[in-house]
Amino acid sequence: MQEGELRSLLSQRRAPGRVIWLGARAERGAPVRELPSATLIASQGMDGDYTARGRGGGKRQLTLIQAEHLDVIAKLVGRERVRPDELRRNLVIEGINLHALRLRTFRVGNALLEGTGYCEPCSKMERALGVGGYNAVRGHGGILARVLEGAPIQLGDEVDFAEV
């Protein structure tokens, strides 16, 4: 496969994704609060989330997980359902493969983000999901992002490649 063909394939998707859940933690270790909307702040993260306080730069300003992976994780830990707040992510996105957004610029509503890597599970997954929780999230934990241009976001906002 030639480079141009691969680049074209990597830019294809059926339709934009959309935000179906938002959450933030006021302090490190605090429970995640579900939100109907939020404001993303350039170089900081989500307003109201502890990770956005005073720290600039960083590649972990925002965490995103794919809604379709919640069912997979639930099955792997033997549960009917896993709630987004248990996974400690900021955004749940459905309808687009988040791995396609890793290391790319993309939009969530009017905000511009840059995918910076995979969001690997931490040991807290074992406590939140039970025995095997850490391994259940491996490969399904979503991506990390940096906020390049901030904007208000809300449930239902589209998620898509910035170049499209």
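Quick notes
- The set of residues from the range 1-13 being of a type in the set (Lys, Arg) and either in contact (Cβ under 8 Å) with a residue 40 or more places away in the chain or surrounded by 12 or more Cβ atoms within 10 Å (Cβ to Cβ) (or both) comprises just one member, Arg13.
- Candidates Leu129, Leu103 - the one that is aliphatic (A, V, I, L, M), surrounded by fewer than 22 Cβ atoms within 10 Å (Cβ to Cβ) and either out of contact with any Asp or Glu (no Cβ under 6 Å at 6 or more places or on another chain) or within 17 Å of Leu70 (Cβ to Cβ) (or both): Leu103
- Residue satisfying all of: in the range 58-77; touching a residue at least 40 places away in the same chain (Cβ under 8 Å) and among the small types (Gly, Ala, Ser); farthest from Val131 (Cα to Cα) among these: Gly58
- The residues of the range 24-44 that are modelled with pLDDT under 95, in contact with a strand residue (DSSP E or B) (Cβ under 8 Å, 6 or more places away or on another chain) and open to solvent by less than 30 Å² (accessible area, probe 1.4 Å), listed by number, are Arg25, Val32.
- Reported count of residues in the range 14-23, each being open to solvent by 80 Å² or more (accessible area, probe 1.4 Å) and either free of Cβ contacts under 8 Å to residues at least 24 places away in the same chain or not in a strand (DSSP E or B) (or both), is 1.
- Scope the range 132-141; condition open to solvent by 10 Å² or more (accessible area, probe 1.4 Å) and either more than 15 Å from Leu70 (Cα to Cα) or in a loop (DSSP other than H, G, I, E, B) (or both); matching residues: Gly132, Arg138, Gly139, His140
- Residue within the range 68-87 that is hydrophobic (A, V, I, L, M, F, W, C), surrounded by fewer than 14 Cβ atoms within 10 Å (Cβ to Cβ) and in contact with a Gly (Cβ under 9 Å, 6 or more places away or on another chain) present: no
- Options Gly117, Gly48; residue that is free of Cβ contacts under 8 Å to residues at least 60 places away in the same chain, assigned to a loop (DSSP other than H, G, I, E, B) and either open to solvent by less than 50 Å² (accessible area, probe 1.4 Å) or not aromatic (Phe, Trp, Tyr) (or both): Gly48
The values are calculated or read from the model by the stated rules, or taken from the named source; none is laboratory data. For clarity, every value in this text was computed on a predicted model and none was experimentally measured. Methodologically, a virtual Cβ is constructed for each residue, glycine included, from the backbone with ideal geometry; neighbour enumeration extends over all protein chains shown. Areas reflect the complete protein model, heavy atoms only, side chains present, ligands, DNA and RNA absent. Shrake-Rupley method; radii C 1.70, N 1.55, O 1.52, S 1.80 Å.
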